[in-house]
Amino acid sequence: MAPRIDVTDLDLYYGSFLAVQGVTLSIEPRSITALIGPSGCGKSTFLRALNRLHEVVPGARVEGKVVLEGSSGQVVDLYGSDVDPVDVRRRIGMVFQRPNPFPTMSVYDNVAAGLRLNGARMNRSALDDLVERSLRAANLWTEVKDRLDRPGGGLSGGQQQRLCIARAIAVEPEVLLMDEPCSALDPISTLAIEDLMTELKEHFTIVIVTHNMQQAARVSESTGFFNLAGPGRPGHLVEINPTGKIFSNPDNRATEDYVSGRFG
Amino acid sequence: MSTAIRPAPVIDIPTGTRQLPTRRRLRRSSTAGLYLAGLLAGGALAALSGSGIVLAAGYGAVLGTVAVYVVSRSVEGRRTATDRLVTCVVVAAFGIAMVPLVWLLWTVVSKGARRLDGTFFDSSMLGIVGPGGGGYHAVLGTVVITALAAVISVPIGLLTAIYLVEYGTGRLKAAITFLVDTMTGIPSIVAGLFAYALFAVFFGPGVRLGVAGAVALSVLMIPVVVRSAEEVLKLVPAELREASYALGVPKWRTIVKVVVPTSIAGLGTAVMLALARVVGETAPLLVTVGITNGTNLNPFDGRMATLPVFAYYQLTQPGFPPGFAIDRAWTAALVLIALVMALDLAARLIGRCFAPSTRR
Ligand SMILES: Nc1ncnc2c1ncn2[C@@H]1O[C@H](COP(=O)(O)OP(=O)(O)OP(=O)(O)O)[C@@H](O)[C@H]1O
Ligand SMILES: [Mg+2]
C-alpha cells in the first residue's frame, strides 16, 4: 500500500516570491525520510506541496511534478489536471508544525474527525476501538482516557500535538507528512512518537521535518538537507542521501558544516 | 516591550542609599473632596450670576479640575499632577457622554411608565377613542415583521459573508464588498421607498403589506449581517481549515463542519445586533406597512401595526384630548427600547454560551 514519491523540478511560489526552487528527489516507500535545514529554507513549504496543501494559501503556486507510485505499480501525477486535491489529501496525511486541534470538538471527536467530517458511518464500538488505538499509538491514551468528552483545546500544548498525531493516523493514510512533530514534546513522548514512526513505516511512507539531528539520525533511512543562499533567496535541496552517509561523509561541504554545527 | 522585562542592571549602591525616595501622596478622599469643592464653588458662582444648570456644571468642572491640579502640583509634584489633570478631563468627558443617555432613558421611563399596564399589552386600538387601548397589535406586528426580515436577510447575509471570506477573489469580491459598503449607508427612507416601489409594480400603487416592510428592513439588515459575519469568519484561524483539508475533507464540508461551528457564537451575535439595529426603524415601515387599529398578523394581507409607526401616529395624530394617545406613544417607545435591550442581551448570551470552551 505504501507508495513511493517522485518529485521532479519542483518550484514553489508565494505570489511572486519563489520560496523553494528546483527540488528533485525520490522518497522511498516503507521508510522514513528526514528533511533538515536552517529555519526559513522552505522545508514546511516543500512538505505542504506533497499533499497539495500549499495551493490553499492565497496566491501560492506550484510548478513541477510530483508523482505517487503505488506498490501495485499504478502511477498518479498529483498535480495532474484530473486529480482532485481532496483525494490526494485522503491518501497523504499531515501533522502540522503548530498543534491545531478543532476547538469545538471533544478529544474523542478530534480523533474521529477524519471519519466524521467526511460523513463516514461507523458503528459506535468500531469507532471507540479506532479512537483508542489511535490515541494509544500517539502515546496519549493514558492521559486522556478519562476526559475524552472534554474539549481538545483544553489539553496542554504537547498533548494537543499528540492529539493531532492521533487524528492524522486515525484515517490510515498511505503517506504521513510530519512537520516538526516533536518540537513541543518532552523526551518521553518524543521517544514514543519515534517508536510509533518506526512501527508505522512497516506499512506507510513517512516524511518528517526536524531540527533535531539526533532524531533524524535515530529514525530515518535517508536524509535531505535544504539550504538557502541568503535572505530573500529561494531554498533548495542541497543533497539527499542515506542518513548514515549524511552524518558521516556527505557529498556536499555545506551539509557537513550544517550537521556538524559549523555554519555562518 | 523587551525593555519592560529586562532585569534592572546590577549597580553597586552603598547600602543605606538603596531605597526609593519617598513621595508625599494625596489621599483618594482628599482629591475627590477637592474636586467636589470646586464643583460646588462653580455651582455657587453660577447661582450668583444667575446662569443655568449647564453653565453651573461647566464652571464647577473647570474649577474642580484647577483645584485638584494646583494642590496636587504643590504637594505631589508635576508628574502626578499631570496624571490627576488627565484623570479629571477623562472623567468629565465620560460624564458628558452619559448625560444624553441617562436623560433619554429617564424621560422615556418616566413618561412611558404611565401606561405600562396590562391593558397596553392585551388590547389593540380597535374602537378606542380617548383613554384605554394599547399596543398589543403593534408589539406582535413588530415581532412578525422583524422575524420575517431576519428570515430573508440572515441566509443571504451569512452566505454572502461565507462567499467573501472563503471563496471570493479578485474583481467580483471587490465589487460585492463595495456594494455592501454602499448599502450600509443607504438612508432608511430610501430602503422603504425601494420596497414600496417594488411591491407597487405587482400590487399597484398604494400597496401596504407586512412583507414589503420586511423587505425594506432586509435591505438595511443584510449589509450589517454581511460585514459583521465577515469579520467573525475572518477570525477563524487558517490552521483549522488546513487541519481539515489535510484529513481529506472537501472545502464545503470544512466550512459547514469546522469554520461555521467554530464561529457560531460570533455569527449569532452578529445576527442579534443586526436585528437590534432594524427593529426600531420607522420611516421604511411608514411607507410600506402603514398602520391599522386592529390586530393583523398576516404579513401577506394588508396593513399591519408596528411599534415605531404606532408611536409615530399616536404622537402626530393624537385626537382629542391628546393626552391619552401621547401616553401610549411613550409606552410604545419604552417597549421598543426594552426590545432592543433584550436583543442585545440575547446577543451577549449567545456569545457566551456557544463560544468554544477550553475548560479542562
Ligand atoms: N504563507 C506564506 N506567505 C508568504 N511567504 C511564506 C508563507 N509561508 C512561508 N513563507 C516564506 O517561505 C519561506 C520558507 O518558509 P517555510 O515555512 O517553508 O520554512 P521552514 O524551512 O519550514 O522554516 P522553519 O524551520 O522555521 O519551520 C520563508 O522565506 C517564509 O518567509
Ligand atoms: Mg517549518
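Where a number appears in this text, it was derived from the coordinates with a stated rule and is not lab data. Since we're looking at a predicted model, the values are computed, not measured. Using ideal geometry, Cβ is built from the backbone for each residue, glycine included, and neighbour counts are taken over all protein chains shown.
Can you give the Rg/Rh ratio of the stretch A:41-119, where Rg is from the C-alpha atoms and Rh is the Kirkwood radius?
On the way: Rg = 14.7 Å, Rh = 14.6 Å.
Here the Rg-to-Rh quotient is 1.01.
Straight Cα distances below 14 angstrom link B:Lys251 to the aspartates and glutamates A:Glu55, A:Asp84, A:Asp87, B:Glu166, B:Glu239, B:Glu242, with same-chain residues fewer than 8 positions distant left out.
For the stretch B:24-155, pairs of C-alpha atoms spaced more than 22 angstrom apart make up 62 percent of the total. Once both axes come from the Cα atoms, what is the angle between helix A:157-170 and the longest principal axis of chain A, in degrees from 0 to 90, rounded to 10? That works out to roughly 90 degrees. Over all alpha-carbon pairs of the protein assembly as shown, lay out the pair-distance distribution in 20 Å bins, whole %, shortest bin first. Here the calculated profile for the protein assembly as shown is 15, 30, 29, 22, 4, 0.
Computed from the Cα positions only, the extents of the stretch B:249-347 along the three principal axes stand at 69, 30, 20 Å, in decreasing order.
The 3J(HN,Hα) values that the Karplus relation (6.51, -1.76, 1.60; θ = phi - 60°) gives for the stretch B:306-319 are, in residue order, 9, 4, x, 5, 4, 4, 4, 6, 4, 7, 8, 10, x, x Hz. Gly and Pro appear as x. With N as its number of residues, chain B has a Cα radius of gyration that, divided by 2.2 N^0.38 Å, comes to 1.40.
Averaged over the residues of peptide A:54-62, the number of Cβ atoms from other protein chains lying within 10 Å of each residue's Cβ is 1. Applying the criteria of a DSSP loop state and at most 11 other Cβ atoms within 10 Å to the GluC sites (Glu not before Pro) of the stretch A:169-264 yields A:Glu202.
The angle separating the long axis of helix A:124-137 from the principal Cα axis of greatest extent in chain A is about 40 degrees. Our coupling estimate for the stretch B:290-296, obtained by passing each phi through the Karplus curve with A = 6.51, B = -1.76, C = 1.60 and θ = phi - 60°, is x, 8, 9, 8, x, 8, 10 Hz, Gly and Pro reported as x.
Report, in debye and to the nearest 20, how large the dipole of chain B comes out about its Cα centre when Lys and Arg carry +1 and Asp and Glu carry -1 on their Cβ.
Magnitude of the dipole: close to 1420 debye.
Across the cross-link table entries A:Lys145/B:Lys234; B:Lys173/B:Lys257; A:Lys43/B:Lys234, which are compared at the Cα atoms, the separations over 32 Å belong to A:Lys145/B:Lys234.
Angle of helix B:78-112 to the longest C-alpha principal axis of chain B, folded into 0 to 90 degrees and rounded to 10: 30°. Across every pair of non-identical alpha carbons in the stretch A:146-191, the mean reciprocal distance, once inverted, gives a Kirkwood radius of 11.7 Å.
Convex hull volume of the C-alpha atoms in the stretch B:134-209, normalised per residue: 130 Å³. Charge dipole of the protein assembly as shown (Cα centre as origin; +1 on each Lys and Arg Cβ, -1 on each Asp and Glu Cβ, all else neutral): 2480 debye, rounded to the nearest 20. Shielding by partners for peptide A:112-119, expressed as the average number of C-beta atoms from other protein chains within 10 Å of each residue's C-beta, is 5.
When the Cα convex hull of chain A is projected onto planes of every orientation, the mean area is 14.5 nm².
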